[in-house]
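Heads up, the thing below is written out as structure tokens.
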Amino acid sequence: MTWISIFKGKSGFAASSTAEDVTKGIDGTGLTAIVTGATSGIGLETARVLALRGVHVVMPVRNLESGEKVKESIGEKVPNAKLDVMELDVSSMESVRKFAAEYCSKGLPLNILILNAGIMAPPFTLSKDNIELQFATNHVGNFLLTNLLLDTMKKTARESGIEGRIVLLASEFHRITYKGGIVFDKINDEKSYNPWYAYGQSKLANVLHASELSRRLKEEGVNITANSLHPGLIRTNLSRNGGLFSGFVNAIQFFLKNVSQGAATTCYVALHPQVKGISGQYFVDNNLDKAKGYGLDQELAKKLWDFSVKITESK
């Protein structure tokens with residue numbers, strides 16, 4: 001039992017609404033979605049509920065054995081589920097490129113891209129590409145994956161006439177970051193590294209990525225939306241590296257969302273008809289909200305885009 005707000009917003013849903021609540025009556029048959037980070041927590045619940053609504057769900061996972069077990073567990077609950085497991089380590093650009101190439105070679109359509117995989121506040125670590133691990137995992141990998149799959153999404157949207165949707169899981173932590181929002185010249189600086197500011201920086205990058213991507217898609221006249229969201233504070237293993245924060249989370253369990261509530265906003269933004277045509281926005285508790293601080297900085301969003309292009313093209 002938890003205490004979560006039951007007061008409904010304009011959407012008709014509240015913080016207490018579950019992923020099944022916000023997708024009730026929606027038929028996703030014929031749609032194909034990629035959900036990263038689907039082996040546990042809200043990613044797993046997102047994959048399950050999308051499959052429940054008839055969506056063909058592709059789950060990119062680091063460990064194929066774990067992925068197959070998750071596929072089996074979802075299949076037991078959703079007998080008619082259409083699920084595929086593919087290998088992907090989003091922190092590695094080589095792995096991202098390999099996954100995207102394999103996906104595109106299959107000729108599969110792609111209506112929905114849910115960028116859910118992420119890590120929170122680990123000790124300073126560099127990725128295989130020598131990029132600070134949170135920035136590499138939470139932003140760079142997502143940025144590259146999106147760009148590599150965009151042509152497939154455009155083709156799907158054009159041929160099906162159905163709006164494509166890109167959903168980035170950000171966080172209210174996008175407000176808690178380094179001075180200036182993103183320290184482009186010190187991304188990999190161990191001396192100035194603060195695990196929480198670095199986490200906030202990566203989540204801010206998610207918000208800015210969605211904003212700038214949306215602007216570019218609109219400019220191109222493409223029938224694809226891009227939005228970011230805050231899933232809420234949830235009882236998952238994401239905070240396992242969080243030290244004192246993990247203790248704080250354990251102390252306030254009563255006020256945290258469960259996994260079904262935590263996956264709700266993702267499923268709402270990915271599937272609900274109310275969200276049709278809405279792009280470049282930020283959602284909280286299954287309702288439109290506003291990003292804060294640097295999250296509204298369009299110039300910073302453009303600068304991040306150019307910076308990300310340089311990183312991904314140089315590796």
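Nothing in this text is a laboratory measurement; each read-out follows from the coordinates by a stated rule. Everything numeric in this text was worked out from a predicted model, so none of it was measured. Note that each Cβ is placed from the backbone with ideal geometry, even for glycine, and that neighbours are counted across all protein chains shown.
Only counting other Cβ atoms within 10 Å, I'd like Tyr193, Tyr282 sorted with the fewest neighbours first.
The fewest-first ordering by Cβ neighbours comes to Tyr193, Tyr282.
Starting from 0.36 nm per residue, how many nanometres of slack lie between Glu87 and Glu65 once their C-alpha separation is accounted for?
Working: separation 22, 0.36 × 22 = 7.92 nm, distance 0.99 nm.
In short, 6.9 nm is gained.
Close amide-amide hydrogen proximity is noted between Tyr178 and Gln201, each under 5 Å apart and 5 or more residues distant or on a separate chain (H modeled in the peptide plane; Pro and chain starts excluded). Computed about the Cα centre, the dipole magnitude for region 141-244 is approximately 220 debye when only Lys and Arg (+1) and Asp and Glu (-1) carry charge, each at its Cβ.
Is it possible to state the helix-based mean residue ellipticity at 222 nm for the chain, with each DSSP H run of 4+ residues giving -39500 (n - 2.57), the sum divided by total residues, to the nearest 500 deg cm²/dmol? What is it?
-12500 deg cm²/dmol
By the beta-carbon count within 10 Å of each Cβ, the least crowded to most crowded order of Leu300, Leu113, fewest first, is Leu300, Leu113. The simple Förster model, with R0 at 35 Å and r as the Cβ-Cβ distance, assigns Asn147 and Glu76 a FRET efficiency of 0.45. Going down the list Lys69/Lys310; Lys98/Lys179; Lys10/Lys71; Lys155/Lys310; Lys82/Lys310; Lys69/Lys106, which pairs span over 29 Å between their C-alpha atoms? In this structure, Lys69/Lys310; Lys98/Lys179; Lys10/Lys71; Lys82/Lys310 exceed 29 Å between Cα atoms. Length gained on full extension, Lys24 to Ala101: 24.3 nm, using 0.36 nm per residue less the C-alpha separation. Phi-derived couplings, Karplus 6.51 cos²θ - 1.76 cosθ + 1.60 at θ = phi - 60°, listed residue by residue for region 220-230: 7, x, 8, 7, 9, 9, 9, 9, 10, 7, 10 Hz, with x used for Gly and Pro. Between Asp185 and Lys10, the modelled labels are 4.2 nm apart [label points 7 Å from Cα along Cα→Cβ].
About the Cα centre of region 1-150, how large is the charge dipole given +1 on each Lys and Arg Cβ and -1 on each Asp and Glu Cβ? Please answer in debye to the nearest 20.
380 debye
For region 19-314, the residue among Thr225, Thr39, Asn188 whose Cα projects farthest onto the positive side of the dipole built from Cβ charges is Thr225.
Dipole of region 19-314 computed with +1 at Lys/Arg Cβ and -1 at Asp/Glu Cβ about the Cα centre; of Leu204, Leu83, Pro273, farthest Cα towards the positive end is Pro273. Along region 46-53 the Karplus relation, 6.51 cos²θ - 1.76 cosθ + 1.60 evaluated at θ = phi - 60°, assigns HN-Hα couplings of 4, 4, 4, 5, 4, 5, 4, 8 Hz to successive residues, with x for each Gly and Pro.
Using a Gaussian network model of the chain in which every pair of alpha carbons under 10 angstrom is joined by a spring, one finds that among Val269, Val222, Val49 the greatest mean-square fluctuation is at Val222.
Taking the Cα centre of the chain as reference, the dipole from Cβ charges on Lys and Arg (+1) and Asp and Glu (-1) amounts to some 480 debye.
Across region 89-100, coupling constants 3J(HN,Hα) worked out from phi with the 6.51/-1.76/1.60 Karplus curve, θ = phi - 60°, read 10, 5, 7, 10, 5, 4, 5, 4, 5, 5, 4, 4 Hz, and Gly and Pro carry x.
In what sequence, highest mean first, do 286-298, 194-206, 10-22 appear when ranked by Cβ atoms within 10 angstrom?
194-206, 10-22, 286-298
Region 175-222 and region 89-111 have Cα centres lying 23 Å from one another.
Proximity of backbone amide H atoms, modeled 1.01 Å from N, is registered between Leu108 and no other residue at under 5 Å, excluding neighbours fewer than 5 places apart on the same chain. Amide H to amide H, with H built 1.01 Å from N, Arg165 comes under 5 Å of Ile112, Leu113, Thr225, counting only residues 5 or more places away or on other chains.
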